[in-house]
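The values are calculated or read from the model by the stated rules, or taken from the named source; none is laboratory data. These numbers were taken from a predicted model, which means no experiment stands behind them. Backbone-built Cβ (ideal geometry, glycine too); neighbour counts: all protein chains shown.
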Amino acid sequence: MAFQLNPYINFNGNAREAFTFYESVLGGKLELHTFGEFHASDDPTEQDNIMHAMLTLDSGEAIMGADTPHMMEYKGLCGFSISLSGTDQSLKETFTKLAEGGQITMPMEKQMWGDEFGMVLDKFGINWMVNIHTEA
């Protein structure tokens, strides 16, 4: 059986802003659905919050997420990174864009394994690892 593994990220009321940013950096097709659209919350403050976001990249992979509903405790983001890897040098530009408003935690540079690699914590608290494979 074939399956697809996708990150699903919980946000604290800023999922729309985060996914709009990711679409501007990564491209792809963005779908946003609110709690109000699905009548999933009676709380008037949640009507415009995102119940489900899905950014489908041109490669077919997807990143998904949502705002944490009021009946659940938002526990923050920790203990994971999203990895982008490939041979395309445009990943350097992607790395730079992800760092806007965030923090580069490891500069993009040649590593002992021969690839270029860097890490960034974006402005939404998501850790990204970017690896550009160098053909030998």
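Quick look at the numbers
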{"quantity": "Some residue of segment 76-92 being closer than 30 Å to T134 by Cβ and β-branched (V, I, T)", "calculated": "yes"}
{"quantity": "Odd one out for G28, checked against (1) at pLDDT 95 or above; (2) of a type in the set (G, A, S); (3) on the phi < 0 side of the Ramachandran plot", "calculated": "(3)"}
{"quantity": "Residue in segment 49-58 that is under 14 Å from D122 (Cβ atoms) and out of contact with any strand residue (DSSP E or B) (no Cβ under 7 Å at 6 or more places or on another chain) present", "calculated": "no"}
{"quantity": "Criterion violated by G60 - all others in (1) loosely packed, with under 11 Cβ neighbours inside 10 Å; (2) more than 24 Å from L5 (Cβ to Cβ) satisfied", "calculated": "(2)"}
{"quantity": "Pairs with Cβ under 7 Å, 6+ apart, first in segment 72-101 and not assigned by TED's automatic domain parsing to the domain that holds L26, second in a helix (DSSP H, G or I) and modelled with pLDDT under 95", "calculated": "none"}
